[in-house]
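S.K.: Can you read through this structure? Questions will come right after.
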Amino acid sequence: MDIQLHAVLFDLDGTLLDTAPDMARAANRVLADHQIQPLTPMQIQANTSYGANGLLKAGFGAIPDHLDPLHLRKLFLDYYHSEICLETKAYDGILLLLRYLNEKEIPWGIMTNKPGFLTQRLLPFFPELCQTEVIVCGDTLDKAKPHPEPLWHACELLKVLPENCLYVGDIEKDMIAARAAGMPGAVAGWGYIGEEHDPSLWQADVILPEPESLIHLLEQQNCDGRAFFNQSYCP
């Protein structure tokens, strides 16, 4: 597929930042409050991108009837807010990618389902991420991914057409949202992809093995005037 890319939107957890250690700590504190065993590394890898609900569901298996899921989620959010960036870090290659986008004056933004109050608390720990032109969070609008509205809103803020804006995310829901929005979608192959997940089935336009892969893709566009996507792209 030949596509002209004018901008890039990124998911946050599992795409720009490895937030799993801090999010897992919060979930494990909730589980410990209810005498439940902590999450395994495999459960953390597969569920961090699904946020509080994903991690707690993995830990409890099924929420017992006598417990309120909304209360458990609030506990998680409180714990996470208090220790939001003890071990979180940018993925290797992300800062290089963002510098490239800035140097080439390619607009980029963040579109995440993470609540706004947590996103705004986390980003100042990473000055490079604060250079983003757009931040759309899970509660910015009354709809969240996989609904396309947040992606359309982000494109409007970036002043680009959806078909010219690449969305990079690490879970199938991200690719569903991109397709619904009429945007090309790229799987962040370095993110929270569990062993039971098969990104080749997500109908993405490209699977990027590492952040630098996107630089190669954009350099190709600079040379050829287009970006060529295919499922097996790997520079």
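S.K.: Rounded to the nearest 20 debye, what is the charge dipole size of segment 72-182 about its Cα centre when +1 sits on each Lys and Arg Cβ and -1 on each Asp and Glu Cβ?
M.R.: 180 debye
S.K.: Under the √(5λ) rule applied to the eigenvalues of the Cα gyration tensor, what semi-axes describe the equivalent ellipsoid of segment 29-109? Give them in Å, descending.
M.R.: Equivalent ellipsoid of segment 29-109: 34, 13, 12 Å, largest first.
S.K.: Let me ask something additional. With θ set to phi - 60° and the Karplus curve 6.51 cos²θ - 1.76 cosθ + 1.60, what are the ³J(HN,Hα) couplings of segment 131-137 in order, to the nearest whole Hz, using x for Gly and Pro?
M.R.: Calculated HN-Hα couplings, in order: 7, 4, 7, 9, 10, 10, 10 Hz.
S.K.: Let me ask something else. Just add up the charged neighbours of Phe125: K/R +1, D/E -1, any other residue whose Cβ is under 15 Å from the Cβ of Phe125.
M.R.: Surrounding charge for Phe125 is -3.
S.K.: What translational diffusion coefficient, in µm²/s and rounded to a whole number, does the Stokes-Einstein relation yield for segment 1-70 at 4 °C and a viscosity of 1.567 mPa s, taking the hydrodynamic radius as the Kirkwood radius over Cα pairs?
M.R.: 95 µm²/s
S.K.: Show the residues, 5+ positions off or on another chain, whose built amide H is closer than 5 Å to the amide H of Leu9.
M.R.: Placed amide hydrogens put Gly109, Leu166, Tyr167, Val168 under 5 Å from Leu9.
S.K.: Please give the helix 212-224 orientation as an angle from the longest Cα principal axis of the chain, in degrees from 0 to 90, rounded to the nearest 10.
M.R.: 20 degrees
S.K.: Would you mind telling me the share, in percent, of accessible area of segment 41-80 contributed by carbon and sulfur at probe 1.4 angstrom? Show your work: numbers first, answer last.
M.R.: Numbers: 1320 of 2230 Å².
The C+S portion of the solvent-accessible surface of segment 41-80 is 59 percent.
S.K.: Taking 8 Å as the Cα distance limit and 6 or more residues as the minimum spacing, I'd like the relative contact order of segment 7-136 as a percentage.
M.R.: After rounding, I find 35 percent.
S.K.: Still on this structure, please answer the following. Apply the Karplus curve 6.51 cos²θ - 1.76 cosθ + 1.60, θ = phi - 60°, to the phi angles in segment 146-156 and return the couplings in whole Hz, x for Gly and Pro.
M.R.: For segment 146-156, the Karplus curve yields x, 5, x, 3, x, 5, 4, 4, 4, 5, 4 Hz.
S.K.: On to the next question. Please report the relative contact order for the chain, taking Cα pairs under 8 Å with a sequence separation of at least 6, and give it as a percent rounded to a whole number.
M.R.: Relative contact order, the chain: 26 percent.
S.K.: Sticking with this one: Tally Lys and Arg at +1 and Asp and Glu at -1 over the other residues with C-beta under 10 Å from the C-beta of Tyr100: what net charge comes out?
M.R.: Numbers: positive: Arg99, Lys104; negative: Glu103, Glu212, Glu219.
With Lys, Arg at +1 and Asp, Glu at -1, the net is -1.
S.K.: Under the Karplus relation 6.51 cos²θ - 1.76 cosθ + 1.60, θ = phi - 60°, what is the ordered set of whole-Hz ³J(HN,Hα) values for segment 97-108, x standing for Gly and Pro?
M.R.: 4, 5, 4, 4, 4, 5, 5, 8, 6, 9, x, 9
S.K.: Quick check for you: with a 1.4 Å probe and neighbouring chains kept, what is the accessible area per residue of the chain, in Å²? Please report the intermediate quantities before stating the final value.
M.R.: Values: 10710 Å² over 235 residues.
With the other protein chains kept in place, the chain gives 46 Å² per residue.
The values are calculated or read from the model by the stated rules, or taken from the named source; none is laboratory data. These numbers come from a predicted model, not from an experiment. In this analysis, Cβ positions are derived from the backbone assuming ideal geometry, glycine residues included, and neighbour counts consider all displayed protein chains. These accessible areas exclude ligands, DNA and RNA; they are computed on the full protein's heavy atoms, side chains included. Shrake-Rupley method; radii C 1.70, N 1.55, O 1.52, S 1.80 Å.
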